[in-house]
Structure formats: structure tokens, C-alpha cells
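Below: the structure, in C-alpha cells.
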Amino acid sequence: MSTFSSLDEARAYFEGDRFALENGVTIDALGEGSAVCSLALSPRHRNAEGGVMGGAIFTLIDLAFATAANNVHRPTVAQQVSMNFLSGSRGVRLTATAACRKDGRTSCVYNVDVTDDLGRDIAQAVITGFKL
């Protein structure tokens, strides 16, 4: 059973995640144990070499996880994250898709995959969440 009654309710709840939202991350879809978030890339998301800053990618991953996990049990926080950068983005938009792999009594495990609008695999993360 979902804790959010609608996508709009989830968006309202996460208005408090100001860092993610003020940097352009949006919540695009919500399912039971899943979520999709995206980020339209701009110059502020770039590092000195012109690539997408790792912190921008992590922020996108973090909000996708939080949206999915908190739709199953609220509140749930990230306890451990393992992340791999796979390739640089050549696109203009990143999309993170979070999916529950294990939903336990006090913890959960989510996979989050990030792709760009050109179909390239950009990053992947495995996140262990702790249910408060």
C-alpha cells in the first residue's frame, strides 16, 4: 500500500528537499516501490572539465530513492550507498529510475539506474535504506 495518495502529494512532501529541487530535480513518476526523477542539465551542473558534476548525479539518485522508499514506508532514510559512474552524459537530461529489490521490516534495498536522453547508461547505485 502506498503512503502517498498521488504524485502531487509526493511532490508536496518533497518540497522540503530544497537542495534537490532548487537544483532542478523533478519527480516524474511514482509507483509502489518505484519512482522516476529527472534533471534538465544546465551549466550549473557541470564540473571544470565540462562533464556533469558527480554531486548532481548523486542528488538525482538520492531523490529517486527517497521518493520510492518513502512511498512504501515513511520515513525511510539512506543508510548506505554504493554508486558507480558508468559514462559521461552527452545529453541534456538525466533520468533516474529507482526500484525496490528488498523490503524488510527495518531496512530496504533499492537499485537506482541513471540514463541520459540519448539512452546512455550514466550511473547506477545500490542503496540500503533504514526505516525510522
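Data for the structure
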read-out: Pairs of alpha carbons in the stretch 85-124 whose separation is greater than 13 Å (percent); value: 55 percent
read-out: Total formal charge among the other residues, if their Cβ is under 10 angstrom from that of His73, Lys/Arg +1 and Asp/Glu -1; value: +2
read-out: 18 Å cut-off, amide nitrogen to a point 7 angstrom out along Thr128 Cα→Cβ, residues in the stretch 103-119; value: 103-112
read-out: FRET E, pair Asp8, Ala48, Förster distance 30 Å, beta-carbon r, rounded to 0.05; value: 0.20
read-out: Residue-span extension gain [Asn111 to Leu21] - 0.36 nm each, minus C-alpha spacing; value: 30.3 nm
read-out: For the stretch 8-35 versus the stretch 39-103, the gap between their alpha-carbon centres in whole angstrom; value: 12 Å
read-out: Heavy-atom accessible area per residue - the chain, 1.4 Å, Å²; value: 52 Å²
read-out: Neighbourhood charge, 13 Å Cβ-Cβ cut-off, centred on Ala56 and excluding it, Lys, Arg +1 and Asp, Glu -1; value: 0
read-out: Charge dipole of the stretch 1-86 about the Cα centre (unit charges at C-beta), most positive-ward option of Asn84, His73, Leu63; value: Asn84
read-out: For the chain, size of Cβ-based charge dipole, Lys and Arg +1, Asp and Glu -1, in debye; value: 260 debye
read-out: Burial ranking of peptide ranges 72-78, 44-50 (average Cβ count within 10 Å, highest at the top); value: 72-78, 44-50
read-out: Relative contact order, percent, the chain [alpha-carbon distance under 8 Å, six or more residues apart]; value: 25 percent
read-out: Using alpha-carbon coordinates, inclination of helix 54-70 to the longest axis of the chain, degrees; value: 20 degrees
read-out: Accessible-area composition of the stretch 1-116, carbon plus sulfur, in percent [1.4 Å probe]; value: 51 percent
read-out: Ranked by how many other beta carbons lie within 10 Å on average, peptides 107-113, 27-33 from highest; value: 107-113, 27-33
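The values are calculated or read from the model by the stated rules, or taken from the named source; none is laboratory data. All values reported here derive from a predicted model rather than from experimental measurement. Ideal geometry is used to build each Cβ from the backbone, glycine not excepted, and the neighbour counts take in all protein chains shown. Accessible surface is based on the protein model in full, side chains and every heavy atom, while ligands, DNA and RNA are left aside. Shrake-Rupley method; radii C 1.70, N 1.55, O 1.52, S 1.80 Å.
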